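The values are calculated or read from the model by the stated rules, or taken from the named source; none is laboratory data. Quick caveat, the model's predicted, so the values are computed rather than measured. Here the Cβ is made from the backbone with ideal geometry for all residues, glycine too, and neighbour counts use every protein chain on show.
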Amino acid sequence: MKSPLKALTVSVILLLAGLVLGDDRMEAHELPLFHFEKTLIEPSEMRYNPTGEVDFPTVIRAADYFENPLGTYYMYYGPHDAPGGIALAYADSVTGPWTEYASNPVISRNWQPHYNVSHVASAHPIWNEEEGKLFLYFHGENSVTRLASSEDGIHFDYEQVVIDTSD
């Protein structure tokens, strides 16, 4: 049952991409060019880094959403391997220097009574204008995407499982 659904999903995505792109597709030379600037956070210098890795960092402009943010920008990141954990760093410039939040992780692999998993990772923060809160999506286990919300970007309330593909 999953294979036909996946095929249908891919077909719909390709169809929509064709409709959106139409004949006005950008040429390769018109795409933005990215280049390395510098390392923003050094895993070996971090207090909370149980596995020596920093995966899936995402940055928001915290000053746009929170009354008294620790810095203008918040970066959510974390190790993917167990025990994982969603960590926070903050800075007044996107190029740093970044300061690690002293009480990391802000979301751990054990959040009773909601879950107790091998790891949580892959933070994806989105500001929800209607709710006036930061919605942070993350996985824990790989097959489950969860949602937590926050009014300050630091302290989170567990919301729910939003996707579970473990069946």
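One table, with the values for the structure above:
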| read-out | value |
| --- | --- |
| Breaking point among (1) of a type outside the set (Gly, Ala, Ser); (2) surrounded by 15 or more Cβ atoms within 10 Å (Cβ to Cβ); (3) in contact with a strand residue (DSSP E or B) (Cβ under 7 Å, 6 or more places away or on another chain), for Pro83 | (3) |
| Criterion violated by Gly96 - all others in (1) on the phi < 0 side of the Ramachandran plot; (2) surrounded by fewer than 20 Cβ atoms within 10 Å (Cβ to Cβ); (3) in contact (Cβ under 8 Å) with a residue 24 or more places away in the chain satisfied | (1) |
| Count of segment 110-143 residues which are among the β-branched types (Val, Ile, Thr) and either free of Cβ contacts under 8 Å to residues at least 24 places away in the same chain or not in a strand (DSSP E or B) (or both) | 2 |
| Residue that is farthest from Asp92 (Cα to Cα) [pool: residues in segment 19-39 that are at pLDDT 85 or above and not aromatic (Phe, Trp, Tyr)] | Leu31 |
| Residue tally, condition without any contact (Cβ under 8 Å) to a residue 40 or more places away in the chain and over 18 Å from Leu147 (Cα atoms), over segment 79-90 | 4 |
| Given (1) in contact (Cβ under 8 Å) with a residue 60 or more places away in the chain; (2) part of a strand (DSSP E or B); (3) among the β-branched types (Val, Ile, Thr), number of the condition Ile154 does not satisfy | (2) |
| Residues satisfying the stated conditions in segment 102-125, i.e. surrounded by 12 or more Cβ atoms within 10 Å (Cβ to Cβ), hydrophobic (A, V, I, L, M, F, W, C) and out of contact with any His (no Cβ under 6 Å at 6 or more places or on another chain) | Val106, Ile107, Trp111, Val117, Val120, Ala123 |
| Yes/no for Thr145 being surrounded by fewer than 19 Cβ atoms within 10 Å (Cβ to Cβ) and closer than 18 Å to Ile163 by Cβ | yes |
| Odd one out for Gly52 among (1) more than 17 Å from Gly153 (Cβ to Cβ); (2) touching a helix residue (DSSP H, G or I) at 6+ places or on another chain (Cβ under 6 Å); (3) modelled with pLDDT of 95 or more | (3) |
